1. Which longest run of the chain has no exposed loop site in it, a site being chymotrypsin sites (Phe, Trp or Tyr not before Pro) in a DSSP loop with at most 12 other beta carbons within 10 Å, and the site itself not part of the run?
2. Report, to the nearest whole %, how much of the accessible area of the chain belongs to carbon and sulfur atoms, 1.4 Å probe, protein only.
3. I'd like the FRET efficiency for GLN39 and GLU267, computed as 1/(1 + (r/R0)^6) with the beta carbon distance as r and R0 of 25 Å, rounded to 0.05.
4. Considering all alpha-carbon pairs of the chain, what whole percent are spaced by more than 28 angstrom?
5. Measure of size requested: the Rg and Dmax of the stretch 270-383, with Cα atoms as the atom set and Å as the unit; please supply both.
6. In terms of the Cα gyration tensor, with a ≥ b ≥ c the square roots of its eigenvalues, is the stretch 178-352 rounded because a/c is under 1.5, prolate because a/b exceeds b/c, or oblate?
7. Once all Cα-Cα distances of the stretch 2-52 are split into 5 Å bins that start at 0, what whole-number percent is in each one?
8. Counting only residues 5 or more places away or on other chains, whose amide H sits under 5 Å from the amide H of GLY316 once H atoms are built in the peptide plane?
Amino acid sequence: MKIGIVCYPTFGGSGVVATELGKALAKEGHSIHFITYSQPSRLDFLSENLFYHEVDFHSYPLFEYPPYELALASKMVSVVKDEKLDLLHVHYAIPHASAAYMAKQILKTEGIYIPVVTTLHGTDITLVGKDASYEPVVTFSINQSDGVTAVSEDLRKETYASFRITNDIEVIPNFIDLEKFKKQKKDHFKKAICPNGEALVVHISNFRKVKRIGDVMSVFYNIQQEIPAKLLMIGDGPERAKAEKQARELGIHDNVRFLGKLEAVEEVLSVADLFLMPSEKESFGLAALEAMACEVPVISSNTGGLPELNVQGITGFLSNVGDVEDMTRKALFILDKNNLPAFKANALKRAKEFDISRILPLYESYYERVIKRVAGSVQLTGL
Ligand code: GMT
């Protein structure tokens with residue numbers, strides 16, 4: 001198949017999923033055309049099946065807000081035509097689904113019927129999309145997509161509850177490449193960070209409010225009151241400065257290191273003992289899956305799709321959002337040397353259920369069904 005993938009090319013989870021999906025599809029022999037405003041950060045290998053089309057994006061003094069969506073739709077039109085694509089797969093509804101709708105309508109005037117699949121990732125539904133300033137367009141463009149997928153059952157339900165959706169939504173969970181995300185031998189690194197055998201706690205996110213970074217600091221503060229421990233904070237974003245201040249105020253800054261954005265998070269996760277994800281909302285929790293693939297148990301909130309990934313008392317624990325005391329108790333239980341090995345083994349076992357080799361065929365057969373359905377309805381109705 002020849003597939004166009006539209007996504008945010010940044011460090012966010014939806015961009016990572018879209019890029020890894022494209023890479024895996026390319027390895028299977030499909031031609032994958034990324035259409036984005038800059039090279040996706042994980043598009044890091046050469047393949048004869050991978051292509052990148054940058055959205056040409058010109059500003060003009062009249063534009064206080066340059067119309068990116070129009071430039072994106074125009075690019076989709078030209079790539080679909082030039083590359084003879086079979087399908088467009090857009091990740092994150094805003095503004096990708098509505099730009100795809102516009103491209104589809106333009107192409108239709110030239111007799112080209114391009115099927116569009118939209119994947120909902122989370123905040124495009126649970127936070128941003130619900131806002132009255134976007135809701136009508138989000139509802140319309142989801143309903144106009146030829147296929148819609150959500151990354152968890154919870155997100156599927158929330159989409160139906162929040163919007164007037166007339167389309168079927170297929171759940172295809174996020175995935176992990178276990179070959180890449182397997183525990184690596186990094187003993188020297190562990191020794192450098194935890195010279196006295198301290199427990200190593202890790203948090204990875206884009207440091208936005210929804211991640212409740214303050215809870216990460218509070219849980220860690222409580223943990224290190226009981227046992228020797230270190231915390232690595234990976235990623236960057238608007239809440240970082242506040243978290244660094246909190247670490248200084250709590251007097252734990254010597255035990256906390258902010259590493260910023262890292263490409264090879266698996267190297268750090270390979271030496272971690274516990275992953276913290278106390279998010280307010282989390283449609284799936286890809287970073288938690290990445291941790292589990294490196295044999296790291298997870299303390300998370302019991303929100304969104306997290307209970308579909310993190311299994312209570314098996315791969316870690318789930319607590320109510322904001323219940324820092326409960327998270328601390330459970331973290332200390334996991335870090336007990338009698339309990340840790342079983343949690344680590346269970347985390348890996350669970351991660352294997354989300355291996356790319358299991359999830360990729362779900363996308364491939366979904367694409368085939370959508371392409372067939374669209375072709376069928378074009379034949380039937382001429383539309
Ligand atoms: O909101 C974010 O954290 C970023 C966002 C994204 O789209 O880049 O992440 C969402 O999509 C990820 C990939 O599907 C999911 O693993 C995250 O759980 C989800 N984030 C939220 O729901 C907050």
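The values are calculated or read from the model by the stated rules, or taken from the named source; none is laboratory data. In this text the structure is predicted, and so the values were computed from the model without any measurement. Positions of Cβ are backbone-derived with ideal geometry, glycine not excepted, and every protein chain shown enters the neighbour counts. Surface accessibility is based on the protein's heavy atoms, side chains included, excluding ligands, DNA and RNA. Shrake-Rupley method; radii C 1.70, N 1.55, O 1.52, S 1.80 Å.
1. Within the chain, the longest run free of exposed chymotrypsin sites (Phe, Trp or Tyr not before Pro) spans 64-383.
2. Heavy-atom surface of the chain belonging to carbon and sulfur, 1.4 Å probe: 53 percent.
3. Computed FRET efficiency for GLN39 and GLU267 comes out at 0.65.
4. Everything past 28 Å amounts to 47 percent.
5. Rg then Dmax for the stretch 270-383, in Å: 19.0, 66.
6. Rounded, because the longest to shortest axis ratio a/c is under 1.5.
7. 5, 26, 37, 23, 8, 1
8. Result for GLY316 returns VAL298, VAL311.
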